[in-house]
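Below you'll find the structure, written out as structure tokens, and then a few comments.
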Amino acid sequence: MPITSRSAPRGASARLVAHVTDLLREKKTLPGARIEMQLEKMSHSEPHPVYYVPLDALLEGKLLAAATQTSWRYLLVQDDAPIAEAELSASGKGAKNAKGRRGAVRPLALLGVSQGPFTAATIDALHAAERLPNVAAADYELRLLKVPAVYLAALWLHGAADDILIPMGNPPGGLRKNRPYSEKQVLRALKPVAERTQQFHDAYEAKRPRPRRKQS
């Protein structure tokens, strides 16, 4: 069965091309770019939605149900190889959370274009996903899950019957990259990481100097 992509908002691809074209014409190349990006040779993948989970949700034992869509992510392809990625802000119809509820209306805007390790890491994780027996037996929608507070980025394969998470890069909590996990397994691995992160934040806030009140 295929790994599917949800349709992006109407006009999203045209907006992406216009934004990237303007950016590259202005800057010629991206800061720190390893490969020169040539507009005439460039194409892009189908987009996949990016979901964000805050630390407080993780501390409450919530993950996918607390995920909110923040953007659409495209892989930029040149000479048949993904060399960069770009993100557009979530739908002009309003961002969706994981349960499909929409938030406030926001216009599509370019959030950034970058060359970095997660472009290749995405391809590696997709190859791992395509080999999974579950994926061979049922359809899954491709998503990207981000939990910045604990440095987790994972492919999220959302199916009708289950969800599969495939961490990328150097995942925390003993999780291994390109390995499939259930939501329950990821929550178990991330719980101590989230608690340590919160303890660090609390200790920092306790020691941070408070501004003095002006005397009247």
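Numbers at a glance
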| read-out | value |
| --- | --- |
| Counted residues, segment 176-190 - those being touching a residue at least 24 places away in the same chain (Cβ under 8 Å) and among the charged types (D, E, K, R) | 3 |
| Selection within segment 181-191 - part of a helix (DSSP H, G or I) and either at pLDDT below 95 or among the polar types (S, T, N, Q) (or both) | Gln185 |
| Residue within segment 124-136 that is at positive phi and under 15 Å from the mean Cα position of the chain (by Cα) present | no |
| Within segment 46-83, considering residues that are among the small types (Gly, Ala, Ser) and either surrounded by fewer than 17 Cβ atoms within 10 Å (Cβ to Cβ) or modelled with pLDDT under 90 (or both), the one farthest from Phe118 (Cα to Cα) | Gly61 |
| Single condition Gln199 does not satisfy, out of (1) modelled with pLDDT of 95 or more; (2) more than 19 Å from the chain's Cα centre (by Cα) | (1) |
| Residue that is farthest from Ala12 (Cα to Cα) [pool: residues in segment 85-101 that are modelled with pLDDT under 90 and in contact with a Leu (Cβ under 7 Å, 6 or more places away or on another chain)] | Ala98 |
| Among residues of segment 176-202, those that are among the basic types (Lys, Arg) and over 24 Å from Asn134 (Cα atoms), counted | 2 |
| Segment 164-180, residues that are under 15 Å from Val150 (Cβ atoms), at pLDDT 95 or above and touching a helix residue (DSSP H, G or I) at 6+ places or on another chain (Cβ under 7 Å) | Leu165, Met168, Pro172, Gly173, Gly174, Leu175 |
| Filter result (touching a residue at least 60 places away in the same chain (Cβ under 8 Å) and small (Gly, Ala, Ser)) within segment 142-153 | Ala149 |
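Conditions (1) outside any helix (DSSP H, G or I); (2) exposed (fewer than 15 other Cβ atoms within 10 Å of the Cβ); (3) touching a residue at least 40 places away in the same chain (Cβ under 8 Å); (4) at positive phi, marked per residue:
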position	(1), (2), (3), (4)
Leu155	yes, no, no, no
Leu165	yes, no, no, no
Asn170	yes, yes, no, no
Gly174	yes, yes, no, yes
Val193	no, no, yes, no
Ala203	no, yes, no, no
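The values are calculated or read from the model by the stated rules, or taken from the named source; none is laboratory data. Being a predicted model, the structure only gives us computed values, none of them experimental. Using ideal geometry, Cβ is built from the backbone for each residue, glycine included, and neighbour counts are taken over all protein chains shown.
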